[in-house]
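See below for the structure under consideration.
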Amino acid sequence: MPYRSLVLVLLALALSGCGGSQAPTATQPLAALSPTADRAAAPTAVPTSPPSTPTAAAKEVIDSSDVVQAPEGLNSYRSRLEIRLKGAQGATPIDGRLIAAQERVKDPPAQRMALASEGQLGDIGGAQTGDFELIQIGDQAWLKVDGQWISSSGVDPAQFDTGLMSPADLLADLRSARLVSSGELVSGVQTNHYHFSKDDLAPGSALASADEVSGDLWLSAEGGYVVQMTMTATGGHVLGEGGQNPFTGTVEFFYLLSDLNAPVVIEPPKGG
């Protein structure tokens with residue numbers, strides 16, 4: 001399975017109510033996977049160089065076509081996506097989170113990604129998520145599943161997927177979002193802040209099945225990629241897919257892009 005597809009499966013599991021109960025095991029520098037890590041502790045950074053040209057005026061209303069799939073023009077960055085779930089599936093309480101963290105260097109090509117779950121996420125869809133870690137350096141790759149490293153060589157660096165954790169995938173059904181303010185500084189980047197609600201989502205989409213949806217996204221003023229995103233969906237059947245596996249409660253999404261063009265060192269795993 002392509003690595004990008006694997007990540008999308010993780011997100012699909014969250015949207016369809018599947019989960020696991022293992023605790024994060026990723027090591028530094030993906031410290032955001034620590035069970036005690038708080039959103040406020042997510043790293044921030046200042047780009048090594050500011051935009052060299054004036055940014056265009058912010059659009060008052062945007063849709064999914066205005067959200068760039070992956071940040072272009074960056075040689076390195078870190079990103080973190082967290083999905084928190086709290087509620088119940090029938091009589092089963094659900095209280096946990098799924099976390100994905102990524103580090104990427106464009107030149108020389110290298111990336112590291114870790115997925116983890118924490119808390120009580122139940123077995124709503126009959127599937128379990130587990131901890132996963134991937135490291136790619138040049139044409140060498142290491143995959144860690146269930147505590148074991150598997151290595152392979154001959155990986156084409158050109159196939160590195162810059163959209164492994166793109167929040168644009170979560171915003172595919174966004175029909176409109178309205179400008180709140182422009183020029184907000186997030187992770188050292190000038191951004192335009194937009195807000196959207198359930199009425200701004202395409203009818204029939206997974207998120208639109210929630211009773212209430214409220215989201216904010218901060219797009220880079222130059223480039224249009226997501227620097228930060230928060231979204232909350234509440235009510236019945238928030239996670240159900242195709243009318244199955246109903247879930248009642250709250251789902252929160254948080255995404256942050258950080259350390260833009262900052263030094264990012266990615267090394268082979270010890271003992272890998």
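None of the figures in this text is laboratory data; all of them are computed from the coordinates on show. Since the model is a prediction, treat every value here as computed from it, not as a measurement. When we count neighbours, we look across all protein chains shown, and the Cβ atoms used for this are built from the backbone with ideal geometry, even at glycine.
Of the cross-linked pairs Lys59/Lys144; Lys106/Lys270; Lys59/Lys198; Lys59/Lys86, those separated by over 32 Å at the C-alpha level are Lys59/Lys144; Lys59/Lys86. Residue order for Ile99, Ile266, Ile94, fewest other beta carbons within 10 angstrom first, comes to Ile266, Ile94, Ile99.
For Trp149 and Ser181 in the same chain, what is the full-extension length gain: residue separation times 0.36 nm, less their Cα-Cα distance, in nm? Between Trp149 and Ser181, full extension yields 6.9 nm more.
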